[in-house]
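Read the structure below first, then the notes.
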Amino acid sequence: MSGVLEGFGWNYPTLIGIWIVTTFIACMATAFIVSLITPLDLSKDPVYQERLKAGLVKDAGEILHGTDKPGAKLSVGIFLFTVLAVVLYATAISNNIKWIDPVIMPRDSAIMSFLLTAAALITWLCKVEPGKILDTSVFKSGMTACVCVFGVAWLGNTFVAGHEQAIKDVASEWVKQTPALLAVAFFFASMLLYSQAATAKAITPVIISALGLATVADSGMLVACFAAVSALFVLPTYPTLLGAVQMDDTGSTRIGKFIFNHAFFLPGVLAIAIAVALGFLVIPLF
């Protein structure tokens, strides 16, 4: 998306600034709203109480008052520094900045290299025993999610690949008739494509062509609606979603019987709606 928008005069730091601020505010507002309308008291959650009686989970109060393990703060610091390094590197190789030219390592490869290096440093400097990593709940949950999603993801990708042109045509027609539906087109496309990058790559050129976008002012709607490509959580088959369900040993994060009535649906839709609305409020400032 940033590569396309840079052609309209947007620069990478500006785009990152807009998207980080709007999505952060949207996430905080969503957390506040959901905390008001959703019961958070585990003592009233029947699933958690059953797991607690069966000895499958420790009391939440005991866990909250536990002590940090040696190296915990250092590991968080390494991770945050790595995230900052990724953002700075992506900025440095952007077309408008070009602090690094020619680009030896593209953005995606840099992200993988930086994070794998961070993982190695955390293991070494924080005295983590590699053999115990396989026994951690996070690793087990992540691998379980990966295995669970293989079949569903392949089935979904096969379906979408066979109907990708139809999806593009429908999205283009929607936006051409009613430009305000761009966020809706992004939302449903990302729900099927399982990827923000794939959604932006597939839909954005079609929208630019259909609407004849040519200036910074015209392309502002693309910037404002970009948050809508994050609807990967709608169908409960995304690896991160399944991993979150697995990692929550309280049992309070669960998937309902009717596919869409899972714990992520309402907060996710609300966060996207607020982020897009904030995007349209911020764009006129640029």
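No value in this document is a laboratory result; all are computed from the given coordinates. All of these numbers come straight from a predicted model, not from anything done at the bench. Ideal geometry is used to build each Cβ from the backbone, glycine not excepted, and the neighbour counts take in all protein chains shown.
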Notebook entry, point to check: Which cross-chain or sequence-distant (5 or more) residues have an amide H under 5 Å from the amide H of Ser252, H modelled 1.01 Å from N in plane?
Noted result: none
Checklist line | When the stretch 71-126 is reduced to its Cα atoms, the Kirkwood hydrodynamic radius in Å | finding: 12.0 Å
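Taking 32 Å as the cut-off for C-alpha to C-alpha distance, list the pairs among Lys53/Lys132; Lys44/Lys127; Lys73/Lys140; Lys73/Lys257; Lys53/Lys257; Lys98/Lys140 that go past it.
Too far apart for the 32 Å limit: Lys44/Lys127; Lys73/Lys257; Lys98/Lys140.
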Note to self: Spelling out what I want: for every residue of the stretch 102-117, take phi, set θ = phi - 60°, compute 6.51 cos²θ - 1.76 cosθ + 1.60 (Karplus), and round to whole Hz; glycine and proline get x.
What the structure shows: x, 7, 7, 10, x, 4, 4, 5, 5, 4, 5, 5, 4, 6, 5, 5
Check: Tell me, what ³J(HN,Hα) does each residue in the stretch 70-83 have, in order and in whole Hz, if you take phi through Karplus 6.51 cos²θ - 1.76 cosθ + 1.60 with θ = phi - 60° and put x for Gly and Pro?
Finding: x, x, 5, 5, 5, 5, 5, x, 4, 5, 5, 4, 5, 4
Check: By average Cβ neighbour count within 10 Å, what is the ranking of 236-246, 102-112 from highest down?
Finding: 236-246, 102-112
Notebook entry, point to check: Sorted by mean Cβ packing within 10 Å, highest first, what order do the peptides 48-55, 190-197 take?
Noted result: 190-197, 48-55
Next item on the list: Given the peptides 24-33, 226-235, 161-170, 127-136, arrange them by the average over their residues of other C-beta atoms within 10 Å, most packed first.
Entry: 226-235, 24-33, 161-170, 127-136
